[in-house]
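No value in this document is a laboratory result; all are computed from the given coordinates. Since the model is a prediction, treat every value here as computed from it, not as a measurement. As a convention, Cβ positions derive from the backbone with ideal geometry for all residues, glycine included, and neighbour counts pool all protein chains shown.
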């Protein structure tokens, strides 16, 4: 079994992803939310059978409403941290397509040019 931090700004305090046997999973909880009753987002068995890391990344991106490249970067940084590398969480400020969430202000709509 492997467990890695999911290093995405706003989700990096308690969120993890990894490989259990031959299946990938993610347990995601936004920062500042009590996860005593379990993660806010669970992606993995028995609901989702994910045999490839790319399937997990797509599932996380869909669940959080984020671009796939940010999810891949957050997963890669968690893997690097497990190897002892010093890394920072991936910033999501200004990311297009982010769903509004209670821990983050919604993206401002650009003003039309006159």
Burial-style ranking of 51-60, 73-82, average other-beta-carbon count within 10 Å with highest first, yields 73-82, 51-60
Least to most buried among 64, 19, by other C-beta atoms within 10 Å and fewest first, runs 19, 64
Two pseudo-spin positions, 7 Å from Cα along C-beta at residue 85 and at residue 31, lie apart in nanometres by 2.1
